[in-house]
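Report on the following structure.
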Amino acid sequence: MNNNWTNHINGYVRVRIDGDYPERFLNRCLEEDISIWQIKRAGDRRIVCYMDVEDAKRIRPLLRITGCKVTFLQRTGFPFLFRRMINRSGFIAGLAAFLTLMFVLSNMVWNVEIKGASPQVEHELRQVVTNMGIKRGAFHFTLPSVERIQRDVTEMVQGATWVGVRQKGTTFEFEVVEQQLPEEAERHSPRHLVATKKAIIHKIFVEHGQAEVKPNDFVRKGDRLVSGYIGKKDAEDEEKELVPAQAVVLGEIWYKSEASVPLETLFTTVTGEKKSKHFLSVYGFDIPIWGFGKVTFDTFQETDHERPFHLFRWSLPFTYKRSDFFETSQYERSYTKNEAIRAARERARIDLKKHIPSDAEIIGEKVLHEDVENGKVNLRIHYQVIEDITSEQPIIQGD
């Protein structure tokens, strides 16, 4: 019988059989269905072989019958290994405690490093990451993913343009690129101010230069609003002076926007009830460790979070996985025609504000077209907006 993995689990022994006729002992073993393998002769009166531990307990009667003696040379397999571990329980317990401690410490945050930030931005960033749970002593598998941390801190830290996040063992590294607002350079070169789009002049205030339009004038894109030439407007060019024109010119602009709102809409919302399940994932196979039972929600949304375990700088072949199940409910929202019109007008105004300057002012709104088609209210709306319409046009000497 060949040796295989079951022999290692059950345990096997290497024995030496001594006697006048050791072959008789082997024949008796075969008759009693005792497994033996790797039989070798070590002399005229000696044979060496292997047998299972359980079968070794049955050979005593056969030894008396054949007049042979047995000597156990080697004991191999899990039962003997376990016995040796029990005999050295103090050492094994210490080793297990050491490995457990190293495993726990390797999966905790021990340092948070911030590079490239001024003291003010660094203080703000440390407050943000601390509120997210990234602090000394926190376990890695309870924290969000590195990608999510980078996205959130970049949005929440006002003084940073970009924040890079990297996890190196037990350390989180944050690399900050701060906002660099260029100082406004003094403008010494002569220039005109021209219109950026067609509009009706609503208000004009000139600091430097000569105004060439007045309120209620209609201008097109590229028309000159304020001239960089100041002085008497006669034939003598020597009396004219070139300056960088500077002014605030507000124009009335017209915009059109379209919006559609369905009269019947089905919404899915989260109720706030949640159930979590925790797993130990080994090579993609999930072993439940907490949160047993079925999810009793009729409808739900599932999100998974997975974090690897580490030992020192090495990633272990198993990970911590948490599945969150959020209960959802659906409800149908119905609008009357007037309610849908109000919602469409509000939506159109919000969309318009995304495309005009933040300091622009909407002074007029009129619905040009309104209809109901395929269960939707469709609107076309005309807006009157006051905004700055100036743009610089350099003056080239000699023109």
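The values are calculated or read from the model by the stated rules, or taken from the named source; none is laboratory data. These figures come from a predicted structure and were not determined experimentally. Cβ atoms come from the backbone with ideal geometry, glycine included; neighbour counts cover every protein chain shown. Surface accessibility is based on the protein's heavy atoms, side chains included, excluding ligands, DNA and RNA. Shrake-Rupley method; radii C 1.70, N 1.55, O 1.52, S 1.80 Å.
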**Message:** Can you tell me which residue is farthest from residue 68 (Cα to Cα) among those in the stretch 1-57 that are open to solvent by 100 Å² or more (accessible area, probe 1.4 Å) and part of a helix (DSSP H, G or I)?
**Reply:** 5
**Top-ranked residue in the stretch 63-98 [being among the aliphatic types (A, V, I, L, M) and closer than 19 Å to residue 40 by Cα; ranked as surrounded by the fewest Cβ atoms within 10 Å (Cβ to Cβ)]** = 73
**Prompt:** Restricting the stretch 375-399 to residues that are acidic (Asp, Glu) and modelled with pLDDT of 85 or more, which is most open to solvent (accessible area, probe 1.4 Å)?
**Reply:** 392
**Message:** I need the full set of residues from the stretch 147-168 which are surrounded by 15 or more Cβ atoms within 10 Å (Cβ to Cβ) and closer than 30 Å to residue 105 by Cα, in order please.
**Reply:** 149, 150, 152, 153, 154, 156, 157, 163, 164, 165, 167
**Complete:** Only one of (1) open to solvent by 90 Å² or more (accessible area, probe 1.4 Å); (2) more than 26 Å from the chain's Cα centre (by Cα) does not apply to residue 344, and that is (1)
**Prompt:** Within the stretch 350-372, can one find any residue that is closer than 30 Å to residue 109 by Cα and not hydrophobic (A, V, I, L, M, F, W, C)?
**Reply:** no
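Residue by residue through the stretch 110-120, note down the ones that are surrounded by 13 or more Cβ atoms within 10 Å (Cβ to Cβ) and touching a strand residue (DSSP E or B) at 6+ places or on another chain (Cβ under 6 Å).
112, 114, 116, 117
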**Asked** If you check every pair at least six apart or on different chains, which have Cβ atoms under 7 Å apart with a residue in the stretch 227-243 that is under 24 Å from residue 392 (Cα atoms) and among the polar types (S, T, N, Q) first and a residue that is surrounded by 10 or more Cβ atoms within 10 Å (Cβ to Cβ) and modelled with pLDDT of 75 or more second?
**Response** 227/192; 227/209; 227/210; 227/212; 227/245
**Message:** Checking residue 328 against (1) polar (S, T, N, Q); (2) in contact (Cβ under 8 Å) with a residue 12 or more places away in the chain; (3) loosely packed, with under 13 Cβ neighbours inside 10 Å: exactly one of these is not met. Which one?
**Reply:** (3)
**Asked** Is it fair to say residue 130 is under 19 Å from the mean Cα position of the chain (by Cα), among the hydroxyl-bearing types (Ser, Thr, Tyr) and modelled with pLDDT of 85 or more?
**Response** yes
**Asked** Of all residues in the stretch 359-374, which are open to solvent by less than 50 Å² (accessible area, probe 1.4 Å) and under 42 Å from the mean Cα position of the chain (by Cα)?
**Response** 360, 362
